[in-house]
Amino acid sequence: MADLSFPMTTKLAGVSYEQKNIERAVSHGSTYELHREPQNKFDKNAILVTADGYRIGFIPKDLAQGLAPIMDMGAEIRALFVRKNVSSTVENQTVGVTIQLFRRG
């Protein structure tokens with residue numbers, strides 16, 4: 001399980017599926033919402049990250065394993081844009097997002 005010291009910085013997972021939304025949602029000062037998805041068929045601890053209603057990715061599985069239980073108990077976790085990550089191949093370019101997580105209250 002990942003260390004849960006706040007604030008923490010992480011790259012989002014699943015961004016390759018949300019490329020059109022990421023370009024709309026990445027800018028300095030952007031804040032993101034975290035949503036638990038306990039019915040997610042791939043991971044019962046899944047935490048979806050959205051910006052203005054657009055899906056942009058997920059909290060990585062190892063981190064979600066520790067965050068999900070505290071979110072389920074009512075803890076408010078907030079996310080702030082840190083940087084855009086670009087990786088390119090000959091055929092494709094993928095843009096990812098690094099965020100910083102804060103626990104409120």
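A short reminder: the numbers here are calculations on the coordinates, not readings from a lab. Values in this document were obtained by computation on a predicted structure and should not be read as measured data. Because the Cβ atoms are built from the backbone with ideal geometry, glycine has one as well, and the counts that use them run over all protein chains shown.
Exactly one residue out of 86, 95 is in contact with a helix residue (DSSP H, G or I) (Cβ under 6 Å, 6 or more places away or on another chain), of a type outside the set (Gly, Ala, Ser) and not in a helix (DSSP H, G or I): that is 95.
Could we say that residue 49 is among the hydrophobic types (A, V, I, L, M, F, W, C) and either surrounded by fewer than 16 Cβ atoms within 10 Å (Cβ to Cβ) or in contact (Cβ under 8 Å) with a residue 60 or more places away in the chain (or both) here? No; evaluated as a whole, the condition is false for this residue. Assessment of region 59-79 against the conditions (of a type in the set (Gly, Ala, Ser), buried (at least 19 other Cβ atoms within 10 Å of the Cβ) and assigned to a strand (DSSP E or B)) yields at least one matching residue.
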